[in-house]
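Below you'll find the structure, written out as structure tokens, and then a few comments.
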Amino acid sequence: MLAIMNTIQEKYKKRKALYFSLMAALFGLIFAFRFVPHPGGNELSPVEFLLIACLIGIVMAMYAVFRCPQCNASLVPGFFSSWRKLHVCPKCGVQLTEK
Ligand SMILES: [Zn+2]
């Protein structure tokens, strides 16, 4: 039983690390927008279009990655509503981190 718990916590740790690196990439992309020349009007330049596609891809990857290792529930909403002090899965109640 303890070994299973450790695997879940280990998985959660890895997913959280991945989630944070995706978030860093997301902020990097948003920052990159400042350096992209805007053609004016409502038209998007191909570079802007690519950046937006990347943003959407990253957000989707964040949701896909940051899930409960046991029940696969998305932990993104719970993570923010608990002020990043998510210790148990909001859905199945599995212990995600050691207290
Ligand atoms: Zn769960």
**Asked** Cβ-Cβ below 9 Å, separation at least six or inter-chain, first residue in the range 70-97 and in contact (Cβ under 8 Å) with a residue 60 or more places away in the chain and among the acidic types (Asp, Glu), second in a loop (DSSP other than H, G, I, E, B) and more than 11 Å from the ligand (Cβ to nearest atom): which pairs?
**Response** none
**Prompt:** Would the range 78-99 turn up any residue that is part of a helix (DSSP H, G or I), surrounded by fewer than 15 Cβ atoms within 10 Å (Cβ to Cβ) and in contact with a helix residue (DSSP H, G or I) (Cβ under 7 Å, 6 or more places away or on another chain)?
**Reply:** no
**Request:** Check whether at least one residue in the range 75-84 is over 19 Å from ALA24 (Cα atoms) and hydrophobic (A, V, I, L, M, F, W, C), and report yes or no.
**Result:** no
**Message:** Quick check on the range 60-71. Is at least one of its residues within 16 Å of the ligand (Cβ to nearest atom), surrounded by fewer than 15 Cβ atoms within 10 Å (Cβ to Cβ) and not aromatic (Phe, Trp, Tyr)?
**Reply:** yes
**Prompt:** Yes or no: SER74 surrounded by 11 or more Cβ atoms within 10 Å (Cβ to Cβ) and away from the ligand (no atom under 13 Å from the Cβ)?
**Reply:** no
**Item:** Single match in ILE56, ILE52 (criterion: out of contact with any Lys or Arg (no Cβ under 8 Å at 6 or more places or on another chain), hydrophobic (A, V, I, L, M, F, W, C), part of a helix (DSSP H, G or I) and modelled with pLDDT under 95)
**Value:** ILE52
**Prompt:** Of the residues that make up the range 12-30, is at least one among the aliphatic types (A, V, I, L, M) and free of Cβ contacts under 8 Å to residues at least 12 places away in the same chain?
**Reply:** yes
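The values are calculated or read from the model by the stated rules, or taken from the named source; none is laboratory data. The model shown is predicted, which means the values in this text are computed figures rather than measured ones. Using ideal geometry, Cβ is built from the backbone for each residue, glycine included, and neighbour counts are taken over all protein chains shown.
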